[in-house]
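Heads up, the thing below is written out as structure tokens.
The values are calculated or read from the model by the stated rules, or taken from the named source; none is laboratory data. What you see is a predicted model; the values in this text were computed from it and never measured. For neighbour counting, all protein chains shown are included, and Cβ atoms are generated from backbone atoms with ideal geometry for every residue, glycine included. The area values use the complete protein model at the heavy-atom level, side chains included, leaving out ligands, DNA and RNA. Shrake-Rupley method; radii C 1.70, N 1.55, O 1.52, S 1.80 Å.
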Amino acid sequence: DIEKGDSMIIGGMIKPGTPFAELPSNWRCPTCRASKDSFKEVTEEIPGFEVNQGYGLGGNSMTAGQKNTIIFGGLGIFFVLFLAGYGLS
């Protein structure tokens, strides 16, 4: 983690704020001991045009997973409320 570094671990030499690209080539993960070459960058693409992502109520800058959570979460809440109303009668 860039904010933490690994200086809190015994023998850790990486200071907080050091980006992954600037780690030495012989660096190993302090948790699993994997080499730097074993990691690959994961990027999450936000659908839509970049110029349009600042518009709307924040929906344009959400990832597909976040949109799915809102949609299906809303449907789930509606279903639970519907069953609760049905149970009252």
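Using only Cα atoms, tell me the angle between helix 64-88 and the longest principal axis of the chain; keep it within 0 to 90° and round to the nearest 10.
For helix 64-88, the angle is close to 40 degrees.
Taking the full set of protein chains and a 1.4 angstrom probe, give the accessible area of Thr69 in square angstrom, rounded to the nearest 10.
Estimated to the nearest 10 Å², Thr69 gives 100 Å².
Label points 7 Å out from Cα along the Cβ direction at Leu57 and Leu81: separation in nm?
The answer from the label model is 1.4 nm.
For a Förster distance of 35 Å, can you work out the FRET efficiency between the beta-carbons of Phe20 and Thr69, rounded to the nearest 0.05? Don't jump to the answer; show the numbers that get you there.
Working: r = 28 Å, r/R0 = 0.80.
Computed FRET efficiency for Phe20 and Thr69 comes out at 0.80.
Mind jotting down a quarter of the surface of the convex hull over the alpha carbons of the chain, in square nanometres, one decimal?
Numbers: hull surface 43.3 nm².
For the chain, averaging the hull's shadow over all directions gives 10.8 nm².
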